[in-house]
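*Asks:* Just dropping this structure here.
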Amino acid sequence: MIIEQFREGKKSLETCEDGIVVTPAHIAVVDGSTSKSNYRFSPLGTNGWHAMNVISQAIASLPPEAGLEKTCQRLTAAIEQEYTKAGVPESQLTAHPEQRLTASAAIYSRHHRCVWLIGDCQCLIVKEISRNTSTFSYHDNPKPQEEVCAEKRARHIEESLKKGMTVEDFQTRDTGRELVVPDIIASCLCQNKTFSVIDGFPVLLSAVKTVPCHDASQVILATDGYPRLLPTLKESEEYLARLLIEDPLCIRLHKATKGLMKGANSFDDRAYIRFSTTEATNV
């Protein structure tokens, strides 16, 4: 049973690169990766938006009993088909992984009673101990270089602020982001070699995190647009709102590779869904 769900783009819902999938067999959030190339696979939206939609459709058509390996093969094939339709050679995408359609996903399998974290998504497992007592188990699967890039960006911005630049300056042009983009692009060469993503190339299964949910009463799935995943949507949104007031550039309380830009409502797109596993037959 779905308790609550929400998705929002940092600029608008129409351009949101994060999606939610709900079927009788699977529940998922999908996070399309921010485009790092001018090449576009679809005239309708960014590569992240397109990747999210393709993968969401593939998850919706998964067989109920599909295991992790079969799931990854199906999602990989869906993206690979987009490359074929666009006529983009594999050699080009091998040399320039930043051009790939790339996404992360947190997928709950009702048949296997577990969550698969393929790339940089997160989940919160709720276990009911008694009528008034529950325990919460948090799980994520961040990219190895993300923290390094976030630290480098934060140092650059902090030094610039000391020299007289303002928060508003960086909300108009984030030179800290510009500084780390080459590092982020270089880290793409490690996709499905040291960390897992869905990008049309075989998913590195050893880097997928499997979270058992056999004794869970509720499961919460979210993209990394939520800097802290809390037991309710209201709490998660309130924490995000406080962060954007106290640390809009995302350089102190929540160091990230991008911050709140002028005209945006957050530093990233976001998707959140909370559901009961004890009443999964009603989904």
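The values are calculated or read from the model by the stated rules, or taken from the named source; none is laboratory data. Since we're looking at a predicted model, the values are computed, not measured. Please note that ligands, DNA and RNA were not included when accessible areas were found on the heavy atoms of the full protein model with its side chains. Shrake-Rupley method; radii C 1.70, N 1.55, O 1.52, S 1.80 Å.
*Asks:* Give a residue-ordered list of calculated ³J(HN,Hα) values for the range 60-75 (Karplus: 6.51 cos²θ - 1.76 cosθ + 1.60, θ = phi - 60°; whole Hz; x for Gly, Pro).
*Replies:* Taking θ as phi minus 60°, the curve returns 5, 9, 5, x, x, 8, 4, x, 4, 4, 5, 4, 5, 5, 5, 5 Hz for the range 60-75.
*Asks:* Let me know the volume per residue of the alpha-carbon convex hull for the range 169-219, in Å³. Spell out each step's value before the answer.
*Replies:* Working: hull volume 7.9 nm³, N = 51.
Convex hull of Cα atoms, per residue: 154 Å³.
*Asks:* Right, here's the next one. How much accessible surface area, in Å² rounded to 10, belongs to the heavy atoms of Glu69 with a 1.4 Å probe?
*Replies:* Accessible surface of Glu69 is approximately 110 Å².
*Asks:* Which value, in Å², gives the accessible area per residue of the chain when a 1.4 Å probe is used on the protein heavy atoms? Numbers along the way, then the final one.
*Replies:* Details: 13210 Å² over 283 residues.
Accessible area per residue, the chain: 47 Å².
*Asks:* Exceeding 29 Å between C-alpha atoms, which entries from my cross-link table qualify? They are Lys70/Lys255; Lys36/Lys262; Lys11/Lys193; Lys11/Lys127. Don't skip to the end; give the middle numbers.
*Replies:* Values: Lys70/Lys255 35 Å; Lys36/Lys262 20 Å; Lys11/Lys193 32 Å; Lys11/Lys127 35 Å.
Check vs 29 Å cut-off fails for Lys70/Lys255; Lys11/Lys193; Lys11/Lys127.
*Asks:* Apply the Karplus curve 6.51 cos²θ - 1.76 cosθ + 1.60, θ = phi - 60°, to the phi angles in the range 140-156 and return the couplings in whole Hz, x for Gly and Pro.
*Replies:* Each residue of the range 140-156 in turn: 9, 8, x, 5, x, 8, 4, 5, 4, 5, 5, 5, 5, 5, 4, 4, 4 Hz.
*Asks:* Moving on. Specify whether the C-alpha gyration tensor of the range 117-247 places it in the rounded, prolate or oblate class, a ≥ b ≥ c being the square roots of the eigenvalues: rounded for a/c under 1.5, otherwise prolate if a/b is larger than b/c and oblate if not.
*Replies:* On the way: a/c = 3.36, a/b = 1.36, b/c = 2.47.
Oblate shape, in that a/c is at least 1.5 and b/c is the bigger or equal ratio.
*Asks:* Compute, for Ile20, the solvent-accessible surface of its heavy atoms (probe 1.4 Å) with the complete set of protein chains present, and express it in square angstrom to the nearest 10.
*Replies:* Per-residue accessible area (Ile20): approximately 40 Å².
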